[in-house]
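Take a look at the structure set out below.
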Amino acid sequence: MDGTQILTLGLGLEAPWALKDQHLDTAVSPHRLDLYVEAERGSLYPCPECGEACPAHDFADRIWRHLNFFQHHCYLHARVPRTKCPEHGVKRIEVPWARPGSDFTLLFEQAAMSLVKEMPVLAVSRQLEISDKRLWRIVHHYVGRMLGALDLSRVATVGVDETASRRGQRYVTVFLDMQRQQEPVIFAIPGHGKEAIKAFSTFLATHGGAPDNVAEVVCDMSKPFLSGVAESLPRAEVTVDWFHIVQTFTRALDEVRKKERREKAHPKSLRWAILKNLDNGNMTAQQVSALQELIADQGATGDAWVIKEKLRWIQKAPTPRAARWRITNYLKVMRRAVTGQVLLKPMAKALATLERHTEQVVRRWISGLTNARLEGMNGLFQAARSRARGYRNEANFIAMIYLIGSPVGRLLDQAKST
Ligand SMILES: [Zn+2]
């Protein structure tokens, strides 16, 4: 086997294509290897429309970037014919080593996609020595193609969450199939609220699913989400995620703390102590003593903290009935505690929010949908953000969410092995 044969095998060339020439240039930096692929004179090529073997009408010279050959950049050159089919006329043929319109060989693109799944795009672009812009174009092509193949016919339970794509400016809304154990993301779109839900419902319908089949939606308590669900997923019952309840009360508690701090000094570690989850048991000694001081002190922040902590009693309710009963009683007692307390106004607001959404909160005990999946989303967003570091737009951030959080990544691997 000579060098030409090895390279031919590496390229996966088939008749009529054969490697005719190669040239290694070590006078340039980086060194480059140019491979020249040709078909025999007078060869016939399949018409791209019907596959009929046709003669060439004319040729165009094309170049593709191929996988590096050791440290050398490698380029593939070929004269690509247009066939002249008696039925379909003159057509440019597709070459077996690259997809139409790409300046890279399929092997190069596959290597790029494998790397992008494992490391940040900027690092991959440095390693492959191509611009991140061109790399993103490859990523978008494959993610888009795999998204097209997504089968959503069995989607019945959907989780919705949103994240700021760039320092709180623009939003990206992400949809999960709550029944999917792994890679739960099925849709992501810039923007939020009603429009996002509507776009999801359309996407679902074009991927074999049906908006009417969606029986459960888990989301936060924002009005645009809730009215969007009512409009675009009309059969769905809404479960308000417990995580968002706790978040609402935690934010209110922090507001109380800030207001009260203007009037009197707080221990230093208080902020972190009250925001921490007691159950985790990972408090420092200072935080524990800050909490003890807080409760002994009988200030507004201490009262607000107790109100928030008492949510646990609701969370531990064994049945939907018990949950409803506990919420009612909790609201009764806590409302009495906040009445007439100016500093506790944020807590009063949080209580009102809980009251407004009581049924949607209780729904969690009926649908059996817990917040575990949605809580995990923050980790996914962070990973996607750091993978897409330096991303220029939401589309790149979203492509990365799909690549690491949706079945797209696995579909890509399967496509490669067939
Ligand atoms: Zn034809």
What is the list of residues in region 338-365 whose amide nitrogen lies under 18 Å from a point 7 angstrom out from the Cα of R321, following Cα to Cβ?
359, 362-365
Which three extents, in whole angstrom, do the alpha-carbon atoms of region 242-367 cover along their principal axes, largest first?
43, 34, 21
Theoretical FRET efficiency, 1/(1+(r/R0)^6), r = Cβ-Cβ of A230 and E293, R0 60 Å, to 0.05:
0.80
Label point 7 Å out from Y36 along Cα-to-Cβ: which residues of region 66-81 have amide N under 15 Å?
75-80
Expressed in nm to one decimal, what extension gain is obtained for the pair K345 and R145 from 0.36 nm per residue of sequence separation less their Cα-Cα distance?
66.9 nm
Work out Dmax and Rg for the chain from the C-alpha atoms and quote the Rg first, both in angstrom.
29.6, 95
Non-local amide H neighbours of C54 (under 5 Å, H modeled in plane, Pro and chain starts lacking H): which ones?
Y45, C47
Subtracting the Cα-Cα distance of Q181 and D61 from 0.36 nm times their residue separation yields 38.3 nm
Once amide H atoms are placed 1.01 Å from N in the peptide plane, what residues at a sequence separation of 5 or more from S165, or on another chain, have their amide H within under 5 Å of its amide H?
R170, Y171, V172
222 nm mean residue ellipticity, helices alone, for the chain (DSSP H n ≥ 4; -39,500 (n - 2.57); rounded to 500):
-15000 deg cm²/dmol
Expressed in nm to one decimal, what extension gain is obtained for the pair R261 and E359 from 0.36 nm per residue of sequence separation less their Cα-Cα distance?
31.7 nm
For the chain, the longest principal axis of the Cα atoms and the Cα long axis of helix 194-205 enclose an angle in degrees, to the nearest 10, of 50
Once R0 is set to 60 Å, what does the formula 1/(1 + (r/R0)^6) return for the Cβ-Cβ distance between A123 and T328, expressed as a FRET efficiency to the nearest 0.05?
0.65
May I ask what percent, to the nearest 5, of DSSP beta bridges between residues of the chain are antiparallel?
75
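Read-outs throughout are calculated quantities, based only on the coordinates presented, and are distinct from any laboratory measurement. As the structure is a computational prediction, the values presented were derived from the model and not from experiment. In this analysis, Cβ positions are derived from the backbone assuming ideal geometry, glycine residues included, and neighbour counts consider all displayed protein chains.
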